[in-house]
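This report refers to the structure that appears directly beneath it.
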Amino acid sequence: MRLCSIASGSSGNCIYVGTDTTHVLVDVGISRKRTEEGLHSLGIDPGELDAVFITHEHSDHISGLGVFSRKYNVPIYATPKTVEAICRCKSLGAIDGDLFQTVCADESFTIKDITVNPMRISHDAADPVAYRFSHGKQKIGVVTDLGTYNDYTVECLKGMDALLLEANHDVNMLQVGPYPYPLKQRILGDRGHLSNENSGRLLCRLLHDNLKYIVLGHLSKENNMPQLAYETVRLEINQADSPYKAGDFPIQVARRSEVSQVIEIA
């Protein structure tokens, strides 16, 4: 099973998950051209995609969906309320309604040799979800855009082999930065985004002997820096009352505008 961030950040998100026979994307929040280039760099023809999974309807997750779907006619999976929100988004242009397939949190289904299990997340969108993928015993989670987490979140993400998790902002950078006050409050709220510190704290509850890779994603361009996210998450892990240390796990930060390292789960 493979995981690769084609783009991840507040300006656009597109994540690849696949096996030798099944290829899917989580979100198409970048241009069709960039999505195509990212897939080609992985040796994948966009026409071979089996599905696009949409987490929610915000533009950094769907801005390229209309153009991409009109060219490739790939099935689009999302919750019913998210589908409705996408269809109301005039900037996407017309999308063939037959491409939409609805999903529900905690109801798993299979696409070829990948089992997909959506999970609820806390974000200010119509009905957002994150996605977990499994192939045999291999498990990958792609979880961004959650203002907070709880025991349900932890239970859903236990036992992952690889996890792409949001580390959106540094709280101090956000508080002193140029954003208007209401936007700062939205980001900091329970339906906003996960800070570096909270990303590290959530990870502390998910670490286990067989966790092979951690990817930090959806970094804010204005309110975070890759090295800061990396060091803050490592510090939270190292300071936790846990048998694990940050050095026990490979941790990388997904690049904003470039294809990141491909993660292979053997």
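Summary of values
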| read-out | value |
| --- | --- |
| Dipole-positive endmost among Y213, L163, V74 within the chain (Cβ charges, Cα centre) | V74 |
| Gaussian network model of the chain, springs between alpha carbon atoms under 10 Å - residue of V103, V28, V176 with greatest fluctuation | V176 |
| Magnitude of the charge dipole, region 68-199, Cβ model with Lys/Arg +1 and Asp/Glu -1, debye to 20 | 340 debye |
| In Hz, Karplus ³J(HN,Hα) per residue of region 11-20 (6.51, -1.76, 1.60; θ = phi - 60°; x = Gly, Pro) | 9, x, 9, 7, 10, 9, 9, x, 10, 5 |
| Reachable aspartates and glutamates from K71, criterion Cα separation under 18 angstrom, eight or more residues apart if same chain | D27, E36, E37, D45, E48, D50, D96, D98 |
| Label-point separation in nm, D113 to Q239, each point 7 Å along Cα→Cβ | 4.4 nm |
| Surface accessible to a 1.4 Å probe, M225 within the full protein complex, Å² | 100 Å² |
| Theoretical FRET efficiency, 1/(1+(r/R0)^6), r = Cβ-Cβ of Q227 and D151, R0 30 Å, to 0.05 | 0.45 |
| All aspartates and glutamates inside 17 Å of K139 as judged from Cα atoms, apart from same-chain residues fewer than 8 positions distant | D20, D106, E107, D113, E155, D161, D209, E264 |
| Low-density loop positions, GluC sites (Glu not before Pro), region 204-266 - DSSP coil, at most 15 other Cβ in 10 Å | E222, E258 |
| Estimated vicinal HN-Hα couplings, Hz - region 261-266 in sequence order (Karplus 6.51, -1.76, 1.60; Gly, Pro = x) | 4, 6, 9, 10, 9, 6 |
| Candidates A229, A254, A240, ranked by Gaussian network fluctuation over the chain, Cα under 10 Å, top entry | A240 |
| Among the listed pairs K112/K245; K33/K90; K33/K212, those beyond 29 Å (Cα-Cα) | K112/K245; K33/K212 |
| I114 long-range amide H proximity, modeled H, under 5 Å | none |
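The values are calculated or read from the model by the stated rules, or taken from the named source; none is laboratory data. Small disclaimer: the values here were computed from a predicted structure and weren't measured. Please note: Cβ atoms are built from the backbone with ideal geometry, for glycine as well, and neighbour counts cover all protein chains shown. With ligands, DNA and RNA removed, areas are computed over all heavy atoms of the protein, side chains included. Shrake-Rupley method; radii C 1.70, N 1.55, O 1.52, S 1.80 Å.
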